[in-house]
Amino acid sequence: MKDLDKYYNANKTMWDQFAKINAESKTYKTDEFLKGETSLNSIELEELGDVSGKSLLHLQSHFGLDALSWAREGAQVTGVDFSTEGIAISRNLAKKAKIDARFIQSNIFDLPDVLDEKFDIVYTSYGVLVWLHDLKRWAEIVAHFLKPGGTFYIAEFHPFLWTLDNEDPNDFKFIRSYFPLDKPYQFEVDGSYADAAKKIKPQLDYEWAHGLSSIITSIVDAGLRIKFFHEFNKMPFQLFPFLIKRDDGYWYYDHPEIQLPFVFSIMATKE
Ligand SMILES: C[S@@+](CC[C@H](N)C(=O)[O-])C[C@H]1O[C@@H](n2cnc3c(N)ncnc32)[C@H](O)[C@@H]1O
């Protein structure tokens, strides 16, 4: 795709800055993680199940909290992210928490040239797919890294969410396409979602729309067999200001009858 380097260079520059801000933010609870708490949510913990003794490739592992939490659950973890800063923080946290895990800096589209191994589990979660221009190739890469009989698991924000203006629950406006376009959205950003007070030099980021059918079709076309596909009316982060937190720790749309899809998960296996 024309301009692909421009898009990924801009996104990497942004994520390098976000990695540092996010790791120091209250939103991500790095201190709690270092005291022994998991950063994983009940959705992925319950659905993926026992990972002990299994090799797990975490795609887009950010600054490492979830990857290291899977390692604490007993998996042999390899985290991959294109952010140099994210990988440096991940390695540092692994050292601090005395967790044995490996982190590789790579764009996931380049990963087959960098890593020559197969895994029991390929895992990815929350806020990953909008950053990828080609889901067909993404799913082929997922399948490539799985051992026969291996499991792919994704828990991700529902693509329906990205279509909405997120400010006013009583005046929802559609601001983005649900279905893929031939070019990415371009947004100006001056700070991270995890800490609005810390500003960065304003820059553009690039995000791609992918509907559920594109996501599911790419997984099936890559030769994986889908075991389940779930949708949830809750999310683990307060992505919109009007959400309310319930006792289970998840954020919900505060309406007695109308419930919206906030998260989806898919488990698929390689035959
Ligand atoms: C919202 S974060 C994912 C967070 C994840 N739930 C976690 O904490 O483990 C998205 C991550 O994708 C990474 N990323 C974006 N595009 C990428 C690409 N093409 N290859 C590798 N990493 C990428 C960013 O650097 C960022 O760390």
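Please treat every number below as a calculation from the coordinates, not as lab data. No experiment lies behind these values; they were computed from the predicted model shown. Cβ atoms come from the backbone with ideal geometry, glycine included; neighbour counts cover every protein chain shown.
Which of Leu93, Leu34, Leu57 moves the most in a Gaussian network model of the chain with Cα springs under 10 Å?
Its mean-square fluctuation being the largest, the pick is Leu34.
Can you list the aspartates and glutamates whose alpha carbon is less than 16 Å from that of Lys26, not counting same-chain residues fewer than 8 positions off?
Those aspartates and glutamates meeting the cut-off are Glu37, Asp66, Asp195.
Which translational diffusion coefficient, to the nearest whole µm²/s, is obtained for the stretch 147-243 from the Stokes-Einstein equation, given a Kirkwood hydrodynamic radius over C-alpha pairs, 37 °C and 0.692 mPa s?
202 µm²/s
With a cap of 15 neighbouring Cβ atoms within 10 Å, and only residues DSSP puts in a loop, list the GluC sites (Glu not before Pro) found in the stretch 92-187. Working shown, then result.
Details: sites: Glu117, Glu140, Glu156, Glu167; in loops: Glu117, Glu167.
Qualifying residues, ordered by number: Glu117, Glu167.
Lys and Arg at +1, Asp and Glu at -1: add these up for the other residues within a Cβ distance under 14 Å of Leu111 and post the number.
Result for the neighbourhood of Leu111: -4.
Taking the alpha-carbon distance from Lys20 and a cut-off under 20 Å, which lysines remain once sequence neighbours fewer than 8 residues away in the same chain are dropped?
Lys12, Lys29, Lys35, Lys95, Lys96, Lys198, Lys199, Lys201
Quick one: if you stick a label point 7 Å off each Cα along the C-beta vector at Phe242 and Lys147, how many nm between them?
Output for this residue pair reads 4.8 nm.
Sort Ile266, Ile258 so that the residue with the fewest other Cβ atoms within 10 Å of its own Cβ comes first and the one with the most comes last.
Listed from fewest to most nearby Cβ atoms, that is Ile258, Ile266.
Give me D for the stretch 186-271 in µm² s⁻¹, whole number, from Stokes-Einstein with Rh from the Kirkwood sum over alpha-carbon pairs, 20 °C and 1.002 mPa s.
Working: Rh = 16.1 Å.
My calculation gives 133 µm²/s for D.
Taking the C-alpha atoms of the stretch 10-153, how large are the radius of gyration and the largest Cα-Cα span, Dmax, in Å?
That works out to 14.2, 40 Å for Rg and Dmax.
Taking the Cα atoms of the chain alone, what are Rg (to one decimal) and Dmax (as a whole number) in Å?
17.9, 51
Taking the Cα atoms of the stretch 71-222, report the difference between the largest and smallest coordinate on each principal axis, in whole Å and largest first.
Over the stretch 71-222, Cα extents along the principal axes are 47, 40, 28 Å.
What's the percent breakdown of Cα-Cα distances in the stretch 161-207 across 10 Å bins, shortest bin first?
Binned Cα distances yield the sequence 22, 41, 35, 2.
So what's the net charge close to Lys98: Lys and Arg +1, Asp and Glu -1, counting the other residues with Cβ under 14 Å from its Cβ? Present the calculation step by step, with values, prior to reporting the outcome.
Numbers: positive: Lys35, Arg72, Arg91, Lys95, Lys96; negative: Asp100.
In short, +4.
Along its three principal axes, how long is the stretch 97-150 when you only count alpha carbons? Whole Å, largest extent first please.
Extents along the principal axes: 36, 27, 21 Å.
Amide H to amide H under 5 Å from Ile200: which residues, 5+ apart in sequence or cross-chain, H placed 1.01 Å off N in plane?
The list, which skips near neighbours in sequence, is Gly191.
DSSP loop trypsin sites (Lys or Arg not before Pro) in the stretch 185-271 with at most 15 other Cβ atoms within 10 Å of their Cβ, which ones?
Here the trypsin sites (Lys or Arg not before Pro) that fit, given the DSSP loop and packing criteria, are Arg246.
In a solvent-free Debye calculation with one equal scatterer on each Cα, what is log10 I(q)/I(0) for the stretch 118-172 at q = 0.17, 0.22, 0.26 Å⁻¹, listed in the order of the q values?
So the normalised log intensities work out to -0.65, -0.89, -1.08.
How far, in nm, would the chain grow between Phe174 and Val114 when pulled straight, counting 0.36 nm per residue and subtracting the alpha carbon separation?
Extra length from Phe174 to Val114 when fully extended: 17.6 nm.
Ile99 to Ala196: FRET efficiency via 1/(1 + (r/R0)^6), r the Cβ-Cβ distance, R0 35 Å, to the nearest 0.05?
Details: r = 30 Å, r/R0 = 0.87.
So the FRET efficiency works out to roughly 0.70.
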